[in-house]
Amino acid sequence: MTGRDRPASTPLAGRSYWQSHGGAPPGAGGAVPAGSGAGVPARSDFAVIGGGLAGLSSALALADAEPGARIVVLEANFVGFGASGRNAGLLSPLPAPLWLASAISEPEHLWGLKHLNGRVHEIAQWLKAEAPESGVTPKTLRLEAQGYFTAMGLSRVARLIDKAGIDVRPAKGPREQIAFGLETHAVDPYRTVAALAGLARRRGITIVEQQPVRAVEETTAGVKIVLDAGLSLEARAAIVCTNAYSGSVALPEAAKAKVVHNFMVATNPVTDTQIGWSGASDIFAIELNTSYVFYRMHEGRVVYGGIERFKPYGDSDFNVPPDVLVGLERLIARSFPGAAMRPEEAWGGIYHQTGTDLPIIRRSGAAGAVVLNVGYGGTGVAMTMLCGRLAAALVPGGRFVNSDDERLLAALAASRVPVGALARFVAGVATDVLTMRRPG
Ligand SMILES: Cc1cc2nc3c(=O)[nH]c(=O)nc-3n(C[C@H](O)[C@H](O)[C@H](O)COP(=O)(O)OP(=O)(O)OC[C@H]3O[C@@H](n4cnc5c(N)ncnc54)[C@H](O)[C@@H]3O)c2cc1C
């Protein structure tokens, strides 16, 4: 049954829209069966756990840093099974959003915002050249707010973005009270991970799918990767890139982040005129209202998401709870009043949310041969790709490619939940509201 034939409100089992039209195998999403060990060498220089964007970017960075090194990526399901194959594809121009709040008092965060924005544009260019299958296309990220309070908050955010030296312009649209546009790119998520896997294989990196890792242990020589049926792999170091699935691996040290379920739908095909949204294919929209929603067009369909939950529904993280599906239908009707739109495909995915919204990239364990590269939340598409180099620099004997990478890692590591800065931000918005400033 194609998406077009599928009745509304029927979630697609075991695959996201991107995975299904990108040719991925169906994923079970629940308990992963035991891996056979086929194709896993007994020894390698480096082991990367997890075949998402973070894992493949780390493996490619290791290959750049140490040409000729034996690198093995172990993936429990298939490459692009996790959030990397299920997201909305935005290369966020602000991959460290909470730094907007702390930038006023922390010069490193102000620098970081600008630096990350520049790196996101570099990644888009790199994908265009090295992985055109990723479908990377320019988009204007349109941040819009309809309510007065959210509009006042968004006005402040826009001033902070401008202060960080990032081009942000007022935008016009049919519905919003206020909107700003930032230039960036979007990708086809599953095809991007698959393209990175293709690049990795061409670089001589071994990728073994259907091979869950049960534990990563430190040894005197480096690490032991424990597989099923008494099998194991010895390596000099491991980079752990299992993100929201990190609870499935016994590690020397657990990463502190919570698992967030996010849900998306792809609608029936619609035209710009039908949805009253001209130039729709050039825009990635984020509405900041009572609920936070995001959407973009892809091949004539609106791909729409935004509801979060903290518990799984059933045995698969692809599952969409019925009330979430109804909620998304309502939100779509609010975003596109009068348009004859209905979800034809629906799927869930999980990401790993830290208190700072920033990833955890650090050595762990007594000898530091296990590097954590996890904690990627809702802006992880670009962030995973630009942090692979940071994780690769942390393996024993690794080094930073340039001083900016070192500076970025230091800023990420030193970041704390910006409680004071957030309180000042909220107080600022309240003052704006009380003095009846106009949003803009
Ligand atoms: C619905 C949704 C929409 C999103 N939209 C956006 C967006 O538009 N822009 C954006 O920047 N971010 C977005 N994100 C977030 C982004 O997708 C993630 O931050 C990013 O993909 C994380 O990549 P990752 O490689 O760290 O994790 P994952 O892609 O989850 O990869 C982890 C991999 O590890 C494997 N694994 C798990 N356990 C084991 C084990 N024991 N052994 C071996 N392998 C294992 C998994 O199978 C998986 O393939 C969205 C996320 C979701 C869920």
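Coordinate-derived values only; no laboratory data. Owing to the predicted nature of the structure, the values given are computational and were not obtained by experimental measurement. Cβ placement follows ideal geometry from the backbone for every residue including glycine, while neighbour counts extend to all protein chains displayed.
Annotations for the structure displayed:
- Distant-in-sequence amide H partners of GLN177 (H built 1.01 Å from N, under 5 Å): ALA145, GLN146
- Dipole of the chain, positive direction: furthest Cα of THR435, SER281, VAL326, with charges on the beta-carbon: THR435
- Sorted on the mean count of surrounding Cβ atoms within 10 Å across their residues, most packed first, peptides 384-391, 212-219, 227-234 read 384-391, 212-219, 227-234.
- Near ASN268, the amide H atoms lying under 5 Å from its own belong to ARG342, GLU344; only residues 5 or more places off or on other chains count, and H is placed 1.01 Å from N.
- Centroid-to-centroid separation of region 106-176 and region 257-302 [C-alpha atoms, Å]: 17
- Estimated [θ] at 222 nm from DSSP helical runs (n ≥ 4, -39500 (n - 2.57)) normalised by residues in the chain, nearest 500: -9500 deg cm²/dmol
- Reducing region 316-393 and region 414-435 to their Cα centroids gives an inter-centroid distance of 25 Å.
- Averaging the sequence gap over all C-alpha pairs within less than 8 Å and six or more residues apart, then dividing by the number of residues, gives region 150-201 a relative contact order of 24 percent.
- Top positive-direction residue, dipole computed over region 101-153 with Cβ charges, set ALA145, GLY118, ILE104: ALA145
- Less than 5 angstrom separates the built amide H of ILE239 from those of ALA47, VAL48, ILE49, VAL371, all sequence-distant by 5 or more or on a different chain.
- Computed over region 240-325: relative contact order in percent, which uses C-alpha pairs under 8 Å that are six or more apart: 29
- Fraction of antiparallel bridges per DSSP, the chain only, in percent to nearest 5: 70
- Highest mean packing first, where packing is the average number of other Cβ atoms within 10 Å per residue, the peptides 351-359, 72-80, 202-210 line up as 72-80, 351-359, 202-210.
- Charge dipole (debye, nearest 20) of the chain; +1 at Cβ of Lys and Arg, -1 at Cβ of Asp and Glu: 560
- Placing +1 on each Lys and Arg Cβ and -1 on each Asp and Glu Cβ, with no other charges, gives region 126-210 a dipole about its Cα centre of roughly 120 debye.
- Order by protection proxy (mean Cβ within 10 Å, highest first), peptides 289-299, 340-350: 340-350, 289-299
- Contour excess over end-to-end distance, with Cα ends at VAL226 and SER403 and 0.36 nm allotted per residue: 60.2 nm
- Pairs spanning more than 30 Å between alpha-carbon atoms, out of LYS128/LYS311; LYS114/LYS224; LYS224/LYS258; LYS114/LYS139; LYS114/LYS258: LYS128/LYS311; LYS114/LYS224.
- In percent, rounded to a whole number, the relative contact order of the chain is 24, using alpha-carbon pairs under 8 Å and six or more apart.
- Cα-centred dipole magnitude for region 194-309, charges only on beta-carbon of K, R (+1) and D, E (-1), debye, nearest 20: 220
- Ordering ILE307, TYR351, ALA367 by Cα displacement along the dipole of the chain toward the positive end leaves ILE307 in first place; charges were set at the Cβ atoms of Lys, Arg (+1) and Asp, Glu (-1).
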